[in-house]
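First the structure, in the form of structure tokens, and then the observations on it.
Every number here is computed from the coordinates shown, using simple stated rules; none is lab data. Since we're looking at a predicted model, the values are computed, not measured. Glycine also receives a Cβ, built like all others from the backbone with ideal geometry; neighbour counts cover every protein chain displayed.
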Amino acid sequence: MLKESRHALKMEPGQVFCDCTLGGAGHALAIAQDISPNGLLIGIDQDDSSLTEAPLRISKSQLTIHCEILKGNFRDLDELLLKARVPGIDGILFDLGVSSPQIDQPSRGFSYAQEAPLDMRMDPGNQTKTAAEIINTLNTADLARILREYGEEQWAGRIAAHIVQSRSKKPIETTAELAALVKEAIPASARRTGGNPAKRSFQALRIAVNEELAALESGLDAAIRWLNPGGRIVVISYHSLEDRIVKRAFAQAARTCVCPPEQPVCTCNHQPILTNISKKALLPALEEQESNPRSKSAKLRFATKAIED
Ligand SMILES: C[S@@+](CC[C@H](N)C(=O)[O-])C[C@H]1O[C@@H](n2cnc3c(N)ncnc32)[C@H](O)[C@@H]1O
Ligand SMILES: [Zn+2]
């Protein structure tokens with residue numbers, strides 16, 4: 001949703017733009033054109049492979065911008081932006097989740113379609129807990145809760161029980177073993193609908209391993225604070241749990257009144273922090289959905305930092 005992001009961010013030459021999910025710098029490069037000349041692009045990613053590829057692509061573009069590439073988790077956005085030594089930012093983007101190269105690299109263990117160790121850490125150098133550890137150590141109730149809450153999996157209880165039974169004979173070590181167990185655990189009728197039955201369980205595990213929802217909440221909170229008046233935030237999410245967090249964070253920051261609900265007349269004179277919130281999430285155009293099937297679940301929301309009176 002490059003065109004939509006660029007349009008919603010409305011960056012201008014010389015401005016400061018922060019891409020919190022640099023990935024292959026596809027978005028960053030397009031938006032960098034808008035801040036050129038003399039703008040500053042701050043690119044953040046927690047994944048080492050993005051941090052080697054993206055700077056190469058940016059330097060090849062020969063845009064006249066300053067560039068600061070930082071390794072880190074956007075959960076620590078305050079610290080990262082302090083490192084970048086900027087007083088504020090004019091535009092910020094979150095394009096959440098995993099990148100296609102991460103999914104396609106079998107050794108990372110993100111994909112149920114490729115045999116690999118159950119890893120799923122986005123930053124293996126700084127994270128110790130892997131998907132295998134979660135699958136092989138949590139009790140049935142906790143495992144079911146993760147599958148239900150983070151994967152919205154209706155057969156969470158059955159899958160968790162089957163995993164626990166199976167691992168009592170031998171630890172579950174690979175993506176293929178887990179995908180097969182999920183398939184066995186659900187009723188035969190459910191195996192025939194809705195794509196690969198392991199999809200939701202893999203999503204749930206990835207969210208749990210990387211503590212993605214907590215990271216998003218902290219990242220959004222900091223991003224809204226760091227925006228300059230009139231600055232814009234764009235978030236592209238890929239499942240309803242993320243989208244709900246974005247929608248709630250924007251609505252919370254856009255409140256015009258914080259009086260107790262039982263109070264009949266507003267006396268708080270509260271100033272909203274965000275304005276111009278996208279009423280509905282934007283969806284990718286049909287051509288993009290066709291050319292990039294992963295984009296089908298994407299939802300884009302944007303907002304503007306209020307200009308103080
Ligand atoms: C969907 S890709 C971004 C693709 C990018 N917009 C592009 O056009 O190439 C998401 C990226 O965000 C990174 N990421 C996900 N969660 C993160 C977090 N909490 N902190 C830092 N980076 C994160 C992933 O490592 C991945 O590279
Ligand atoms: Zn009020």
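A few points about this structure:
- Fully extended contour minus Cα-Cα distance, from D104 to A188, at 0.36 nm per residue: 27.4 nm
- Net lengthening on full extension, N38/R255 (0.36 nm per residue, minus Cα-Cα): 74.6 nm
- A crude spin-label estimate for the pair Q165 and K129, with each label 7 Å from Cα along the Cβ direction, gives 2.7 nm.
- Using alpha-carbon coordinates, inclination of helix 48-61 to the longest axis of the chain, degrees: 40
- Set of segment 62-76 residues, backbone N closer than 14 Å to the point 7 Å along the Cα-Cβ line of E211: 73-76
- Among T304, T193, T174, a tally of other beta-carbon atoms within 10 Å of each Cβ gives an order, fewest to most, of T193, T174, T304.
- Charge sum, other residues only, whose C-beta stays under 14 Å from N292's C-beta, Lys/Arg counted +1 and Asp/Glu -1: -3
- Projected label points at D78 and E149, each 7 Å from Cα along the beta carbon direction, are separated by 2.3 nanometres.
- Cα→Cβ-extended label distance, 7 Å offset, between A180 and N292, nm: 3.5
- Alpha-carbon Debye profile of the chain, log10 I(q)/I(0) at 0.08, 0.12, 0.13 Å⁻¹: -0.40, -0.85, -0.97
- Computed over neighbours whose Cβ is under 10 Å from that of L213, the net charge equals -4, Lys and Arg +1, Asp and Glu -1.
- Helix 140-151 and the longest principal axis of the Cα set of the chain meet at an angle near 40°.
- Every helix of 4 or more DSSP H residues in the chain counts as -39500 (n - 2.57), and over all residues that averages to -13000 deg cm²/dmol at 222 nm.
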